[in-house]
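The values are calculated or read from the model by the stated rules, or taken from the named source; none is laboratory data. Please read all numbers here as calculations on a predicted model, not as lab measurements. Don't worry about glycine lacking a Cβ; one is built from the backbone with ideal geometry, like all the others, and counts go over all protein chains shown.
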Amino acid sequence: MPVPVPGLTKKIRGRLIPLSDDPSRRKWECPVEDCKRPFVRQEHLKRHINSIHTNKKCEFMCPVEGCGKLFSRMDNLKMHKRSHDNADDSDQLLLAELIRTAPLI
Ligand SMILES: [Zn+2]
Ligand SMILES: [Zn+2]
């Protein structure tokens, strides 16, 4: 589990993808006091912490909340973002999962 830097919350651009409305599915909560964003999967919480609560350098990060996949090249990020554009919000989690396991780089 990544360790959040105290007081650090980076602003991320892009639309926020609404997570599940069902509170029982929100098993993972961001430990950062001012954030407390709930996540359905631990993987998504880790990604969230890595993307906005750490100083980890990432050149190109997917701005979609819950994704935050890192890319070393803008081309790769652009290609990846296209798959978000084609997806309904309800399919977001499944899609993120598929993307995560796909060898994009
Ligand atoms: Zn957070
Ligand atoms: Zn993404």
Name the single residue, out of those in the range 59-75 being assigned to a loop (DSSP other than H, G, I, E, B) and among the charged types (D, E, K, R), that is farthest from ligand 1 (Cβ to nearest atom). 73
Within the bounds of the range 76-90, is there any residue that is at pLDDT below 85 and more than 15 Å from ligand 2 (Cβ to nearest atom)? yes
For the list (1) surrounded by 15 or more Cβ atoms within 10 Å (Cβ to Cβ); (2) of a type outside the set (Phe, Trp, Tyr); (3) at pLDDT below 80; (4) in contact with a helix residue (DSSP H, G or I) (Cβ under 8 Å, 6 or more places away or on another chain), I need the number of the one condition that residue 51 fails. (4)
Does any residue in the range 38-53 that is of a type in the set (Ser, Thr, Tyr) come within less than 9 Å, Cβ to Cβ, of a residue that is away from ligand 2 (no atom under 14 Å from the Cβ) six or more places away or on a different chain, and which pairs are these? 51/10
